[in-house]
Each structure stands twice: as structure tokens, then as C-alpha cells.
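Since every read-out is calculated from the coordinates, none of them should be taken as a lab result. All values reported here derive from a predicted model rather than from experimental measurement. Here Cβ is always computed from backbone atoms with ideal geometry, including for glycine, and neighbour counts include all displayed protein chains.
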Amino acid sequence: MLQWNPSQPNVNTNIFWACTQATVTFGAGLSTTIQTISLSNDVSSKVNLYLLDASFAASVAPGAAAVVSLVSGFNATTNVTHTTPLTTQSSRIGSSITNSVGRCDTAATLPATPVYMIPLISVGTSLGTSQANDDLTGIYVIPPGGYMALQANAAITGFCQFTWAELPFQF
């Protein structure tokens, strides 16, 4: 697994994040239309994306209990259609490295319906504990043509965030 290491600056300058700057509302169920947050790696990319962290925080209690999950998919020939890109940032604050290969959006169209990977949080009709932060330490690799997103089984509103590392292919 990939872990942050201060003695390896080549890794540390290749870590990026994106966070929604306003609340987003999840639709109910799996969909190719993303209105929350998605992370994709174009089919022509020369790097793998290693998902390090995924977060969700509900901003209002949902009308029905909802489970927010990490979803993924892959298409070797068709890229995700990017509609509303998020600004990606280097995790090394003040770094001049601002051009990540990974593309994050709050609105995107996936080339195929994703599948559920892992649930992040279940939120009932009262907020209670409504924040999930899953330290994934790079166990999920997004190769060229791959994509991940957050989706829910019921409508819910909140903020989303992804952190990932970009590293050349390792054989």
C-alpha cells in the first residue's frame, strides 16, 4: 500500500485533493450521471491514481435513511465526460505543482454504470454522526480509463472530498 513518507519528496509532490465548495445532492441509486464528486483517469494517461482518502459530511438530515458509498468503473476506450470540474490542489501547500492528471468533477457523465465498492456512512433521518472519512491508503488503483465516485441509495445533501496520489506505472 502507498503511504505518505516525508523522505520521498517525489511521492509527496504527487498527492492531490479536491473538495466540493458547496453542498451537492446525491440522487438515489447507481447512475452514470454524477452530481456529487467523481475522480477519473483519462484513457491516454501515463500514471495510475491511488485513492488515499474519501470523505462525506451531510449538511442536512435526509428524508429517508441513506448509505453513501464509493463506486467505481472502467472503460478502456471512452473517457468520462467532464461537465463541472473541481479545482484540484497539491497536498503540499504552497507547491507550484498544480496540474494533476486526475480529473475531479461535481457533474460528470460516466461511460458505463459503476458498481458499489464500499459503503462510507449510513445516515438516518436525524443527523447524529454524519461525517465519514475513509483512509484508503492507496488500496484502490485507478488505471487509465478508470473512475470512482460517491453515490448513495437515497437522496442526501452534503460535502465530498477525494485525496489521491499520481505515480507512473509500476510493473
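Odds and ends about this structure:
- Here the stretch 144-171 and the stretch 22-90 have alpha carbon centers that stand 5 Å from each other.
- Backbone N under 15 Å from the T137 label point (7 Å along Cα→Cβ), restricted to the stretch 50-72: 51-54
- Annotation: peptides 28-39, 143-154, ranked by per-residue average of other Cβ atoms within 10 Å with the highest first, follow the order 143-154, 28-39.
- Working ranking of peptides 48-58, 13-23 by packing, defined as the average number of other Cβ atoms within 10 Å per residue, highest first, is 48-58, 13-23.
- Rounded if a/c under 1.5, otherwise prolate or oblate - the stretch 17-114, Cα gyration tensor axes: oblate
- Modelled FRET efficiency - R0 45 Å, T78 with S126, Cβ distances, 0.05 increments: 0.60
- Panel order for S40, S69, S45, by other beta carbons found within 10 Å of each beta carbon, from fewest to most: S45, S69, S40.
- In this simple spin-label approximation, A154 and V67 carry label points 7 Å from Cα along the Cα→Cβ vector, and these lie 1.2 nm apart.
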